[in-house]
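What follows draws every value from the coordinates through simple rules; no lab data is involved. Here the structure is a predicted model, which means the values were calculated and not measured. Positions of Cβ are backbone-derived with ideal geometry, glycine not excepted, and every protein chain shown enters the neighbour counts.
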Amino acid sequence: MPWIGKHGFIEVSFPNRREEIAITPGHLTPALLRRELLKIKVMPERIYITHLKPQFYKMIERELQRLKLNNLTLLKEGGVIGV
């Protein structure tokens, strides 16, 4: 996961039901993200989720909410992160 200060940026492109499609090109699903986060010793204060496929946005959003991680922020196309 790329880090910028206390923030992490990672993509979650597909919903969990599309895991087989996500793995081959190296993309993540919410479940795969959870596994990757378990490998991190110090969790970033904020994790920005990028590259959500538009047709799966709502489904990915619901699946990420079920992870109950308070430090996730989903980025939208054209969105700007405030400083």
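Points to keep in mind about this one:
- Within the chain, longest stretch clear of exposed GluC sites (Glu not before Pro) (DSSP loop, no more than 10 other Cβ within 10 Å): 1-44
- Spin-label pair HIS7-ARG62: with each label point 7 Å from Cα along the Cα-Cβ axis, the two points sit 2.9 nm from one another.
- Compactness index (Cα Rg / 2.2 N^0.38 Å), the chain: 1.03
- Per residue, the chain reaches -7500 deg cm²/dmol at 222 nm when only DSSP H runs of four or more residues are counted, each adding -39500 (n - 2.57).
- The mean sequence separation of alpha-carbon pairs under 8 Å and at least six residues apart, normalised by the residue count of segment 3-74, gives a relative contact order of 40 percent.
- Extending 7 Å from Cα along the Cβ direction at GLU20 and again at LYS76 yields two label points whose distance is 3.4 nm.
- Low-density loop positions, trypsin sites (Lys or Arg not before Pro), segment 13-83 - DSSP coil, at most 15 other Cβ in 10 Å: LYS39, LYS41, LYS68, LYS76
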